[in-house]
1. Ignoring solvent entirely, what values of log10 I(q)/I(0) come out of the Debye formula for the chain at 0.12, 0.16, 0.24 Å⁻¹ when each Cα is a single scatterer?
2. Given only helices, namely DSSP H runs of n ≥ 4 each adding -39500 (n - 2.57), what is the per-residue ellipticity at 222 nm of the chain, to the nearest 500 deg cm²/dmol?
3. Given contacts defined as C-alpha pairs under 8 Å and at least six residues apart, what's the relative contact order of the chain, whole-number percent?
């Protein structure tokens, strides 16, 4: 959905790991990888900062609900600048 331009936010549960990656850090880009290893699909996008949800709500992207709870991290992304994902594969792997 992100590659297709349908979703410009990534939601992550609060954890020490995600806090260590975001809080107090400055980035220009963020890399999203599907799985582990050098051959896995990925894309790099502009990083537009993050916020922490102060309420519980349901975000809906392409008719798919995402439960967001108070305290969850919301990573805002901009333009996709690089990917190794084939366009025909992207429609099959939301």
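Where a number appears in this text, it was derived from the coordinates with a stated rule and is not lab data. Owing to the predicted nature of the structure, the values given are computational and were not obtained by experimental measurement.
1. One equal scatterer on each Cα of the chain leads to -0.41, -0.73, -1.41.
2. -2500 deg cm²/dmol
3. Details: 149 pairs, mean separation 32.3, N = 94.
Relative contact order here is 34 percent.
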